[in-house]
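Heads up: the structure comes next, in structure tokens.
Where a number appears in this text, it was derived from the coordinates with a stated rule and is not lab data. Being a predicted model, the structure only gives us computed values, none of them experimental. All Cβ positions, even for glycine, are placed from backbone atoms using ideal geometry, and neighbour counts span all protein chains on display.
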Amino acid sequence: MFYGLNATAEFNDAGQAIVSVNVNTFPGLRTQGVSLARADYKAGGVAVPHVHPRAAEVVWVLEGGLVHFHKNVGDIQGTILGFYNSENAGRSTFQDTIFGCEVKEEVLEKDLGLSAEDISKLRGAES
């Protein structure tokens with residue numbers, strides 16, 4: 001039995017706290033093809049844009065004013081449950097994928113419409 005969804009995890013600097021229930025935290029999910037997560041957001045808290053490379057996601061907003069990419073626009077803590085069609089959905093942030101790699105700056109400038117200075121700032125934020 002997994003009892004970890006009944007409480008908020010520790011909040012990160014973005015105001016988000018995540019409890020993941022997957023084969024690593026609850027081995028009973030092995031071969032079931034599902035996993036889930038509880039995410040709590042302080043007022044104004046956000047989840048950076050991200051993808052789950054091995055799963056599709058369905059999200060239920062339990063309380064608060066959340067809009068996907070996940071930002072709590074309300075005045076109280078918000079909570080969601082995310083369900084995935086994979087026992088190990090994974091998580092990859094846009095910032096890690098785009099700015100944490102060796103893509104040439106001029107490619108990012110053209111593709112994202114950002115200046116070299118903006119890209120340097122974003123890359124530096126990952127350090």
Summed side-chain charge close to residue 104 - residues other than residue 104 whose Cβ falls under 13 Å, Lys, Arg +1, Asp, Glu -1: -3
Structure-derived mean projected area of the Cα convex hull in nm²: which label, when the choices are [x] 9.0; [y] 11.0; [z] 11.5: [x]
Three-way shape call for segment 37-99 based on the alpha-carbon gyration tensor, with the a/c threshold at 1.5: oblate
Full-extension gain in nm, residue 31 to residue 112, via 0.36 nm per residue minus C-alpha separation: 25.2 nm
Charge tally in the Cβ shell below 15 Å around residue 35, where Lys, Arg are +1 and Asp, Glu are -1, residue 35 excluded: +2
In Hz, Karplus ³J(HN,Hα) per residue of segment 49-63 (6.51, -1.76, 1.60; θ = phi - 60°; x = Gly, Pro): x, 7, 10, 10, x, 10, 6, 8, 10, 10, 10, 10, 8, 8, 6
Within straight-line cross-link reach of residue 71, lysines at Cα separation under 28 Å, skipping those fewer than 8 residues along the same chain: 42, 110, 121
